[in-house]
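Undergrad: Supplied in structure tokens, the structure appears directly below.
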């Protein structure tokens, strides 16, 4: 007889953008700086060529973050989060934008 063990973690359901008051949705996109070699982007570009996709001059591969923050979190604090936690400022650049 096989014993089956079940583990049920308590999980808070994710908040859905737009259905809570006072919450802002923030997008942070992080890419390697132009002067930094991007081997992942180069691999994607080569694969596109092998698939017969033409007209693509360059591919840069990065990271995309979606944050839900309290409306009181300011732009300077979001920039600080992006530049110290989400990106490596030595080799990456980032864009922070609020969306609705």
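Undergrad: Under 7 Å between Cβ atoms, which residue pairs at least 6 apart in sequence (or on different chains) link something in the stretch 66-93 that is closer than 12 Å to residue 28 by Cβ with a partner that is modelled with pLDDT of 95 or more and in a loop (DSSP other than H, G, I, E, B)?
TA: 83/89; 92/33; 93/33
Undergrad: Here are the criteria: (1) at pLDDT below 95; (2) within 14 Å of the chain's Cα centre (by Cα). Tell me which single one residue 49 does not satisfy.
TA: Result: residue 49 passes all but (2).
The values are calculated or read from the model by the stated rules, or taken from the named source; none is laboratory data. All values derive from a computational prediction rather than experimental measurement. Using ideal geometry, Cβ is built from the backbone for each residue, glycine included, and neighbour counts are taken over all protein chains shown.
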